[in-house]
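Structure record follows, encoded as C-alpha cells.
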2 protein chains.
Amino acid sequence: MGLLESTLGRIDPPDADARAEARARLARLTMPHWALGRLMDLAEELAGMTRSLRPPVDRKTVVTMAGDHGVAVEGVSLYPQAVTQQMVWNFVRGGAGINALARLVGARVVVVDMGVAGDLADLARGGRIVSCRVGPGTRNLAEGPAMSREQALRCVESGIAVSLSQGATTDLFGTGDMGIGNTTPSAAMVAAFTGLPPEEVTGRGTGIGDDLWRRKVAVIRKALEVNRPDARDPLDVLAKLGGFEIGGIAGLILGAASQRKPILVDGFISTAGALVARRLSPPAAGYLIAAHRSAEAGHGAALRDLGKQPLLDLGLRLGEGTGSALAMHLVEAAARILTEVATFEEAGVAEAER
Amino acid sequence: MGLLESTLGRIDPPDADARAEARARLARLTMPHWALGRLMDLAEELAGMTRSLRPPVDRKTVVTMAGDHGVAVEGVSLYPQAVTQQMVWNFVRGGAGINALARLVGARVVVVDMGVAGDLADLARGGRIVSCRVGPGTRNLAEGPAMSREQALRCVESGIAVSLSQGATTDLFGTGDMGIGNTTPSAAMVAAFTGLPPEEVTGRGTGIGDDLWRRKVAVIRKALEVNRPDARDPLDVLAKLGGFEIGGIAGLILGAASQRKPILVDGFISTAGALVARRLSPPAAGYLIAAHRSAEAGHGAALRDLGKQPLLDLGLRLGEGTGSALAMHLVEAAARILTEVATFEEAGVAEAER
C-alpha cells in the first residue's frame, strides 16, 4: 500500500464528544453566551480535532512549498521565473514577509523545494530547505498536462512525508506557497473543480493589468480545453492543471489530518491544494482552518467550495504562508479561551437572570 | 487651564513626512506591490503616529474602564448590576476573557474603577485597580441626565490622567470596558451623534430577546426625548446619555493621542467613547485603530461615523478590551513588516518587469 492510500485510511473526522465537552465548558465561561463568537466556534473545533479540552497549539510550523510553472512562458506574471529561486534564498536568510510574521508568532518556517527551476542543492545539503524536487518546474498547462499522474501522486506523498516528519515537533501547521505564475494553475484548478467560468475565478496575481488579465483568462480557458480534466478525479486535475507545490500542500493537509493536527490554509494557492485534499479525503476537511480571505478574485469561490469561512480579511495576496502565520495567533487565542477563562462557578460571578 | 484643555492643545495630526518615508520603504519590500494589504496601510499609519520608521509597539497596555449604569433598573440587560463588580474581581484574579487574550499578546491589563456600584476600595488600596470613581454608577438616562456636565468632564480628565500615567511604560494602548447595561447609553450616544433612529443602532447587548430589545429601544427613545442632547457638544451628549467608563475611554484616547501613541478601539462601547474623543479633537482620530467589528447592531454605524475600518470581524460582543488585545498582534505584525522585511535591493531579488 502506498503512502497516500495508507494515510487516507488513517484520517478520521474530528471527535464529536470532545467538541460537545468543549461546547459545554465554553457555555459556562464568565461572559454572555458565546460572546467571543468565531473564536469560541474555533475553540470547539480545536477540541474535536485534537480530542482534548486543552488543545495543544504551542509548537507551530509554517511549511512553505516552492515550485515553478511552465505556464510562466505565457507571460501571466509581472515577475521573471528566477524570482521563485531568489525568494527561497530570501526565506532562508529570514528577510521575507513570512519570516517576519512567523517570528512574531513563534512559528518555524520549513521551506520545501517541490520543484523550483534552478539549483537549490546547496541549501538542501546544508539542511536549510527540504528537497522533494519532482522536476525543474511543471510543463505549460496551456499546451498539455502540467505533470504526469505519477508526478502528481509523488507531490502529494512528498507533502504527506513532510507533514509526518515535522509532526513530532509540531502542534499546529500552516500552509504556504511560493511559485511565480502559480495563481494561474490555481485558478484553472478552481475552475475545473467548481465548474465556474475562468473569468470568475481568475485574479490579478502579482498585480497584472487588464491586458495581462485577459491573456491569463485565455490561457486558463485553453488549459481546460486542451486537458479536459476529470473534476471527480482530484489527481487528474492536479496533474493536468496544477503545480508541484500545490500537490505538496494537498499532501501536507492530508498528513496533518492523519495526525489529528489542525492546519491553517493560507490563501488562493493553498486553497487550491486544499480542494485536492478534501476530494481525496472528505474527513480531512475537519482539520482545516481557513486563515484569511485573499484579495485574489477566485478565493471566495474556492473557500465556498471548501465550505470554510476565513478568520481574517485584510486584503492579503502574498502567499508564502503569511496568512497562516497571522491566523496562528487567533488559533492560540481560541485555545486560551477554552483553557484560561474561568466559569461562572469558578469565579463566583452571577449568571443571566432570564 | 484644565487638563482637558491643555491636552487638546497638545494633539497634532500624525506626521505626513514619516508616513511618506514608510510608504516608500513598503513599496520596495520583496513582494508584489502592497501585497500585505491592510497591514501595510497600518504600518504606514503607525509611522505617521509615532514619527518613526521603527514604530515602537512592544509595551502594550489594555485599559479596562468599569462603571455602572442607572438605566439598569429598566431591565435592559440579562445580568444583574452586581456582575460589574464581580467581573472586576475576575479581571484582578486573571480569569476573564481579557486576561487570557492579554496574556497571549503580552499586554498588561489596567483595570480602572470609573464608578462601579459597589465597594472596590480594598482592590484600589492594594493597587490591583486604579480608582477614578466619579460616583456609584450613573443615574437613569431615561429619566434625566446620566451625570452632570462636571462629572462628564471629570470622567474625560480621569481617562487622560490614566493615559499619561501609563504612557511612560506603554507604546501601544487598547481600550476596554465593563459595565452591565452599557450598550444602552452607547446606543443612545451613537443615535444622538449620528442622528440615526434608535432601532437602527440598538443591539442585543448581552443577548436579549425581542421583547427586551423593544423595551431597550423605547428606553433609548425616551432618553433622547427627555434629555434633548446637543449633538454638537460632545460633553453634553456624554453627560446626558453616557457612562463614567465611556467618558474615561474618551479621555484615554485623547491622552494617547497627546503622547503620539497608537490606541486600539475595542467594540461598541469603546467606539461611543471614541466618538466623544473625535468630536473634542478631530486630529486625535489619527491615532485610533479600530480593532474589530462587533456583533452589536449599532457598531457599523458608529465605525462609519468614526471613519474607521476595523481590522477583525469575528462576531465578538464581549467588550473588556478583548478585541483590542486580539488586534494588538496585527499592529505588531504591521510594525514588523516595516522593520524586518528586506527590500528588493537588500535581498537581491528581481523586480517586476513591466
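Condition first: open to solvent by less than 10 Å² (accessible area, probe 1.4 Å) and more than 9 Å from every other protein chain (Cβ to nearest Cβ). Now tell me which residues in the stretch A:92-104 satisfy that.
Within the stretch A:92-104, A:ILE98, A:ALA102 qualify.
Taking into account only those residues within the stretch A:194-209 that are over 21 Å from the mean Cα position of the chain (by Cα) and crowded, with 19+ Cβ neighbours inside 10 Å, which is modelled with the lowest pLDDT?
Ranking the candidates gives A:ILE208 first.
Being buried (at least 17 other Cβ atoms within 10 Å of the Cβ) and touching a residue at least 40 places away in the same chain (Cβ under 8 Å) is the filter; apply it to the stretch B:11-24 and report the residue that is nearest to B:ALA290 (Cα to Cα).
B:PRO14
All but one of (1) touching an Asp or Glu at 6+ places or on another chain (Cβ under 6 Å); (2) among the polar types (S, T, N, Q); (3) modelled with pLDDT under 95 hold for A:SER77; which doesn't?
Failed condition: (1).
List the residue pairs whose Cβ atoms are under 6 Å apart, where the first residue sits in the stretch B:166-183 and is within 16 Å of A:PRO32 (Cα to Cα), the second is open to solvent by 20 Å² or more (accessible area, probe 1.4 Å), and the two are 6 or more positions apart or on different chains.
That search, which allows pairs on different chains as well, returns B:ILE180/B:ALA72; B:ILE180/B:TYR79; B:ILE180/B:GLN81; B:GLY181/B:ALA72.
Counting just the residues of the stretch B:9-56 that are closer than 19 Å to B:LEU264 by Cα and among the hydrophobic types (A, V, I, L, M, F, W, C), which one comes out nearest to the other protein chains (Cβ to nearest Cβ)?
B:LEU39
If you go through the stretch A:159-191 one residue at a time, how many are under 14 Å from A:LEU238 (Cα atoms) and open to solvent by 20 Å² or more (accessible area, probe 1.4 Å)?
Residues in the stretch A:159-191 being under 14 Å from A:LEU238 (Cα atoms) and open to solvent by 20 Å² or more (accessible area, probe 1.4 Å): 1 in total.
Can you tell me how many residues in the stretch B:340-354 are more than 7 Å from chain A (Cβ to nearest Cβ) and in a loop (DSSP other than H, G, I, E, B)?
Selection size over the stretch B:340-354: 1.
Considering only the stretch A:64-77, I want to know if a residue exists there that is of a type outside the set (S, T, N, Q), touching a helix residue (DSSP H, G or I) at 6+ places or on another chain (Cβ under 9 Å) and closer than 21 Å to A:THR169 by Cα.
Scanning the stretch A:64-77 turns up at least one residue that is of a type outside the set (S, T, N, Q), touching a helix residue (DSSP H, G or I) at 6+ places or on another chain (Cβ under 9 Å) and closer than 21 Å to A:THR169 by Cα.
Can you find a residue that is within 10 Å of another protein chain (Cβ to nearest Cβ) and out of contact with any strand residue (DSSP E or B) (no Cβ under 7 Å at 6 or more places or on another chain) anywhere in the stretch A:278-289?
no
Which of the numbered conditions does B:MET114 fail, given that it passes all the others? Conditions: (1) closer than 26 Å to B:ALA223 by Cβ; (2) more than 20 Å from the chain's Cα centre (by Cα); (3) outside any helix (DSSP H, G or I).
Checking B:MET114 against (1) closer than 26 Å to B:ALA223 by Cβ; (2) more than 20 Å from the chain's Cα centre (by Cα); (3) outside any helix (DSSP H, G or I), the one that fails is (2).
Give the stretch A:295-339 a look and list any residue that's over 15 Å from B:LEU326 (Cα atoms) and at the interface with another protein chain (Cβ under 7 Å from one of its Cβ atoms), or say none.
Hits for the stretch A:295-339 are A:ALA295, A:GLY315, A:LEU316, A:ARG317, A:LEU318, A:THR322.
Taking A:ALA107, is it among the small types (Gly, Ala, Ser), assigned by TED's automatic domain parsing to the domain that holds A:GLY137, buried (at least 19 other Cβ atoms within 10 Å of the Cβ) and at pLDDT 95 or above? Before the answer, list the steps.
Numbers: among the small types (Gly, Ala, Ser): yes; assigned by TED's automatic domain parsing to the domain that holds A:GLY137: yes; buried (at least 19 other Cβ atoms within 10 Å of the Cβ): yes; at pLDDT 95 or above: yes.
Spelling it out, A:ALA107 is indeed among the small types (Gly, Ala, Ser), assigned by TED's automatic domain parsing to the domain that holds A:GLY137, buried (at least 19 other Cβ atoms within 10 Å of the Cβ) and at pLDDT 95 or above.
Restricting to the stretch A:142-175, what's the tally of residues that are touching a Leu at 6+ places or on another chain (Cβ under 6 Å) and among the acidic types (Asp, Glu)?
Looking only at that region, the number is 1.
A quick yes/no check of all residues on (1) crowded, with 24+ Cβ neighbours inside 10 Å; (2) among the basic types (Lys, Arg); (3) without any contact (Cβ under 8 Å) to a residue 12 or more places away in the chain; (4) closer than 26 Å to B:ALA327 by Cα:
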residue	(1), (2), (3), (4)
A:GLN81	no, no, no, no
A:GLN85	no, no, no, no
A:ASP113	yes, no, no, no
A:VAL116	yes, no, no, no
A:ALA124	no, no, yes, no
A:SER131	no, no, no, no
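What's the number of the only condition in (1) crowded, with 21+ Cβ neighbours inside 10 Å; (2) at pLDDT below 95 that A:MET49 fails to meet?
In the conditions (1) crowded, with 21+ Cβ neighbours inside 10 Å; (2) at pLDDT below 95, A:MET49 misses (2) alone.
Residue by residue through the stretch A:52-103, note down the ones that are under 22 Å from the mean Cα position of the chain (by Cα) and basic (Lys, Arg).
Passing the criteria: A:ARG59, A:LYS60, A:ARG103.
Tell me, which helices (runs of 4 or more DSSP H) lie completely within the stretch A:118-208 with 1 or more residues that are within 29 Å of B:GLU353 (Cβ to Cβ) and within 14 Å of another protein chain (Cβ to nearest Cβ)?
It comes to A:183-194.
Is it true that B:TRP34 is open to solvent by 10 Å² or more (accessible area, probe 1.4 Å) and under 19 Å from B:ILE180 (Cβ atoms)?
When the stated conditions are applied, B:TRP34 does not pass them.
Tell me, which helices (runs of 4 or more DSSP H) lie completely within the stretch B:210-272 with 2 or more residues that are over 23 Å from the mean Cα position of the chain (by Cα), surrounded by fewer than 24 Cβ atoms within 10 Å (Cβ to Cβ) and among the charged types (D, E, K, R)?
In the stretch B:210-272, B:210-227 are the helices (runs of 4 or more DSSP H) which contain 2 or more residues that are over 23 Å from the mean Cα position of the chain (by Cα), surrounded by fewer than 24 Cβ atoms within 10 Å (Cβ to Cβ) and among the charged types (D, E, K, R).
The values are calculated or read from the model by the stated rules, or taken from the named source; none is laboratory data. On a predicted model such as this, the values are computed, not experimentally measured, just so you know. Note that we place each Cβ from the backbone using ideal geometry, even for glycine, and neighbour counts take in every protein chain shown. Side chains are part of the model used for accessible areas, which takes the heavy atoms of the whole protein and leaves out ligands, DNA and RNA. Shrake-Rupley method; radii C 1.70, N 1.55, O 1.52, S 1.80 Å.
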